[in-house]
Amino acid sequence: MPSSQPLTVTEDLTIYHALELKEKLLDALSQTADLELNLAQVGEMDTAGLQLLVLLKKEAQRAGKCVRIVAHSQAVSAVVEFCNMAAEFGDPLLIPAHETP
Amino acid sequence: MDEITGVFIQESREQLAEMESGLLRLEQDPEDQDNINSIFRAAHTIKGGSGVIECHFIESFTHRVENLLDALRNGDLAVTSTLATLLLECCDHMGCLLDVLGAEASEPDAELQARGESLTERLKVLLGAPTTAPASSDMTLHDPTVEVESSGGGIVVTDSWHISVRFGENVLRGGMEPLSFIRYLASLGEIVGLETITDAIPAAAEMDPESCYIGFEIQLQTRSSKADIERVFDFVRDECDLHILPPNSKLSEYIKRIEELPEDSMRLGEILVRCGALTQTEIDQGLLNQETACAGPSTDGAPHSPQLGEILVDNKVVHKELVEAAVVKQTQVNDKKAKEARLVRVQADKLDQLIDLVGELVIAGASANLLAQKSRQAGLVEATSVLSRLVENIRDSALQLRMVQIGDTFTRFNRVVRDVSKELGKEIDLQISGAETELDKTVVEKIGDPLMHLVRNSLDHGIEPVALRLERGKPACGRVSLNAFHDSGSIVIEVSDDGGGLNKNKISAKALERGIIQPGQQLSEAEIVNLIFEPGFSTVDKVSNLSGRGVGMDVVRRNIQALRGAVNVTSVEGQGSTFSIHLPLTLAIIDGFLVGVGKAAYVIPLDTVVECIEQKEPPTGRSFLNLRGEALPFIRLRDLFEIEGTPPARESIVVIQFGGQKAGIVVDQLMGEFQTVIKPLGVMFPHLQGIGGSTILGSGEVALILDVAALVRIVSQSEEQKFLPERNTPSLPVHPGN
């Protein structure tokens, strides 16, 4: 199945954008079976952001779809690692995140 | 310095001492795994503590030491003499770093830093190739001291706090950020395991992105209290569900926790395993039983499959067998904690204040007693006598508080003996006896230096080189022993060796050369050997860096005399020498014997009094008398202190004993026992001979306390001078010293 263009999130994954981001992310998921997320430009991430990513992963799983995070910014990988969620998310692409300054 | 740093330094010093003694044992018995573990634990505790108080230079150095110990513990390295020496040096270095922290410096000076770096290099060399900075982060994930390997069960973090927290829905709306609380929590200690619980996030339709659904299970290693941990969550206290399990919690408490949580037990079991609170084996066993329970006959009406929690509790036996190692370890930890709980740390000055007060009580009690006796009211006399007995008991208990065993001071010398014997290329064994002998804390503190000098002296000068020992028919391994015991109210500490002994001819020759004795002066053997305590005396031709500069022994004697004690030496040439230190048991309150001369009263420490004899007509013109066939030198207090007035017809002689010598003191009257609070004489009278202090009587009068050691010396000296020119060898016992 051809995968769509990666969805690039430019907003901060924080409580301030949580409402619009939820909609945006779920919309994107509904349009493809294989959603790729580029989070390289995310400057900040908090609990609300983390929850959204978890939600997205869960929804995808429920629908038999796949969500992959193809690029992490420092902020994103820091939170994911701190929360010990790397394995849970299972994105192999977490590794290059270390190289991002 | 803040309190926590102070506590850290104190505790770390204790840990260091433990580590050092462990390392010394390690050389003797390299196979002792328990010992290696306890060394590791000590180092780890210091590292953990330094992390908490954010003292990074200690933390990083200790961390490197810990790496080596870890390799040792895992059997990757074998115990060698080099390794033990290096680790002991690391111990010393950590002690120095603690000094730096104690001095409130921000970091060690260049010299110390260079030493730390060279030690680090050597650590790396021992650890094998100087690999990339060995494991600075992987150590933090699983704490090695506390991981307990059970048969196939993985690792359990037993001595961490377990914190479970579920944040309420409104936390995010309230402007709180759960992650920042957790980050702050990390500043209290080390998060050794963390699991994010996202199970509460509902399906997309119901999910409000501004609500909080998140929770955490955390294993935190910290020295903080439960209250401190709770305080972290103060801002969200009302809006979150917080449970804190202390370290070493019982399995059943975890189970209870599992049941309290909203999530399904199975999932939680997994989570607890993952963050290290339970082992996989425990969970597996639980699962297995759950299956058998389900597969079992469902005919018994209620097919209630037991909860995981119940099974785990039921399986206590299984659990016990599986993690027996863990249980043993936990018991040890608990035992240690229980032991610590029995001890109370009290500031020394509070104790001193108590002793002072008891001293005042003794004086006040004595005066009440006196008044009661004057009033001749039987009831009052009775009451005050009961009172004074109680005061006496309080005095004894209060003094007991200050008593510590000398053992700790002695064991310190294990290290000294080890290092010095290596340096000198001799084989020397240290034997310790009487370690449980108790004496006053201040005395213990002050006796360390003189003892150190005596021990070093024995190691350096006493024990001969191996070749010479074999030639003399002695075992190659020399022996130095430390001994302590109580002897008539004083404590005796002996340092003896089986070395060459003191060469009397050499000492005499040296003393002549230095002008300490005059040509033709006759000295007893005991007096000759005790010349080594004279200032500027040293018989060793070669000055070593251990001792032998000729400044030691007289300093030793002065230090001991400052404690109202005495030191002397006996020696048999070719067989060894013994230094004995006599010290008073306590420095504050003593049982005294009150005597009167003229109108004045004097106190003789009761412990030194042997007997009292009545002398109707004391011999005049000579100052010794025949006591049951023994010559007893005596002195008249009236003459010594130039007290006016005529002596009564019947005088009494108090026979006192000190350091193995007897002497008589002639007084006018005996007034009986008296509890004496020793008051120092002050700076006005530093040269006063024969007076050790003062005290206050019940009547408010001042009585002087006689310095028995000095009196005995004065008596035997005057005797010596009078009779020596006439005799060749004095038959009287001679006091060491001048």
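Values in this text are rule-based calculations from the coordinates and carry no lab data. Not measured: the values here are computed from a predicted model. Please note: Cβ atoms are built from the backbone with ideal geometry, for glycine as well, and neighbour counts cover all protein chains shown.
From the Cα trace of segment B:355-490, what convex hull volume per residue do you get, rounded to a whole Å³?
Dividing the Cα hull volume of segment B:355-490 by its residues yields 126 Å³.
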Sticking with the crude label model, points 7 Å out along Cα→Cβ, report the distance from A:Glu11 to B:Ala105 in nm, one decimal please.
5.6
Over 18 Å (Cα to Cα) - which of B:Lys350/B:Lys441; A:Lys22/A:Lys58; B:Lys47/B:Lys441; B:Lys599/B:Lys662; A:Lys24/A:Lys57 fall in this group
B:Lys47/B:Lys441; B:Lys599/B:Lys662
Once you have the alpha carbon radius of gyration of segment A:1-68, what is it after dividing by 2.2 N^0.38 Å, with N set to its residue count?
1.04
Which of A:His17, B:His162 has the fewest Cβ neighbours within 10 Å, and the rest in rising order
A:His17, B:His162
For A:Leu19 paired with B:Ala186, estimate the spin-label separation in nm (one decimal), with each label point 7 Å from Cα along the Cα-to-Cβ line.
3.2
How would segment B:451-516 be classified by its alpha-carbon gyration tensor: rounded, prolate or oblate, with rounded meaning a/c under 1.5 and the a/b versus b/c comparison settling the rest?
oblate
